[in-house]
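Derivation of every value follows stated rules applied to the coordinates shown; laboratory data play no part. What you are looking at is a predicted structure, and each value in this text was computed from that prediction instead of being measured. Heads up, the Cβs are rebuilt from the backbone with ideal geometry, glycines too, and the neighbour counts pull from every protein chain shown.
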Amino acid sequence: MSRPVRIILLILFVIAAILFLSASAIWGLSERELRRTYSAAPDELTIPTDSTSIARGEHLTRVTGCTLCHGADLGGGVYADMGPVGRVTGPNLTTGRGGIAADYSPLDWTRAIRRGVRRDSTSLIMMPSEVYVHLSQEDLGAIVAYLRTRPPVDREVPRSRFGPVGRALLATGKLDILVAPKTPDYKYAARVEQTETPDYGRYLANISGCHGCHGFGLSGGQVAGPPGLPPAANLTPAGLGSWTEADFVRAMREGKRPDGTMIDEFMPWQQFAEMTDSELRALWLYLQSAPPKAFGGK
């Protein structure tokens with residue numbers, strides 16, 4: 001074997017070794033994040049059985065976006081397929097084949113919904129527990145009561161997974177997709193009065209995810225997500241300007257601004273369209289009660 005050939009082979013061997021070691025390091029670091037466990041204080045939860053509570057739970061699964069990831073029948077499905085980044089799925093929440101509800105205890109439900117923690121104490125992926133942590137005990141109980149009464153759906157949903165790019169992003173801390181570490185230890189209420197008030201509107205904004213995009217100051221700004229997303233609108237009185245309550249309701253019901261242009265489909269107005277007139281009024285009153293702020297202002 002000639003010297004030039006030996007040098008080329010040596011270079012190729014070194015490159016292969018570096019790639020192997022890098023891939024091993026990325027796999028190990030990402031796997032460490034995926035296997036990290038989190039403590040979740042057990043929440044005592046009473047599951048009601050009356051029809052009023054179950055109907056309330058059905059309503060809440062719609063207005064809080066459960067069906068966006070788990071499907072209209074709650075039988076689960078692929079929520080996002082991002083190629084080399086990975087695949088995110090919404091599990092089957094029914095008692096059918098492939099579902100998780102058959103042997104889920106109240107503790108399992110509360111840990112998953114309110115804390116973003118699996119039964120093995122690892123973090124769920126893209127489960128909005130940082131939003132659902134605001135649910136009152138009564139409303140969380142109603143949601144679980146509804147989930148436990150759903151007809152079984154036989155659907156084997158593939159597990160969420162991470163591809164090589166996703167693994168690399170996880171390993172370097174640049175993929176904010178694990179929810180348990182970013183779910184606050186929030187002191188939830190036992191019950192929230194369903195009234196046409198700014199306080200109830202704030203509660204609806206909390207459990208529906210409004211603050212996730214528009215900020216807790218409601219002044220809007222750039223949204224974390226896929227490239228090309230438009231910034232979230234300023235929902236304070238300074239941003240809404242001449243909007244009327246009727247304009248707001250139309251935006252929530254039809255996805256249209258006062259000038260007739262469509263709101264970007266990333267804004268889940270179809271979810272908010274499920275709200276009652278009374279709930280939309282409470283939400284409007286909450287927005288009107290917010291201090292006026294410039295776009296993106298703190």
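Summary of computed values
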| quantity | calculated |
| --- | --- |
| Label point distance in nm, L21-V78, each placed 7 Å from Cα along Cα→Cβ | 3.7 nm |
| Reduced Cα scattering model of the range 51-182, Debye log10 I(q)/I(0), q = 0.13 Å⁻¹ | -0.54 |
| Loop GluC sites (Glu not before Pro), the range 198-277 (other Cβ atoms within 10 Å of the site Cβ: 15 or fewer; DSSP) | E265 |
| Normalised contact order of the range 51-182, rounded percent, pairs of Cα under 8 Å and 6 or more residues apart | 33 percent |
| Simple spin-label estimate for V165 and D247 in nanometres, 7 Å along Cα-Cβ | 3.9 nm |
| Cα-Cα separations in the range 6-94 greater than 22 Å, expressed as whole percent | 62 percent |
| Gain in span if fully extended, L29 to I7, counting 0.36 nm per residue against the direct Cα distance | 4.6 nm |
| Low-density loop positions, chymotrypsin sites (Phe, Trp or Tyr not before Pro), the range 197-297 - DSSP coil, at most 16 other Cβ in 10 Å | F216, F266, F295 |
| Relative contact order for the range 110-186, counting Cα pairs under 8 Å that sit 6 or more residues apart, in percent | 44 percent |
| Normalised per residue, the volume of the convex hull around the Cα set of the range 198-289 (Å³) | 92 Å³ |
| With 5 Å bins from 0: P(r) over the range 135-250, alpha-carbon pairs, percent | 2, 8, 10, 16, 15, 15, 16, 11, 5, 1 |
| In the range 20-76, GluC sites (Glu not before Pro) in a DSSP loop with at most 14 other beta-carbon atoms within 10 Å | E44 |
| Alpha-carbon centroid distance for the pair the range 65-96 / the range 172-203, whole angstrom | 21 Å |
| The chain: relative contact order as a whole-number percent, Cα under 8 Å and 6+ apart | 19 percent |
| Footprinting exposure proxy for T236, T261 (fewest neighbouring C-beta atoms within 10 Å first) | T261, T236 |
| Packing-based exposure ordering (other Cβ within 10 Å, fewest first) of R257, R56 | R257, R56 |
| Alpha carbon convex hull of the chain, projected area averaged over orientations, nm² | 20.2 nm² |
| Centroid-to-centroid separation of the range 1-43 and the range 237-271 [C-alpha atoms, Å] | 49 Å |
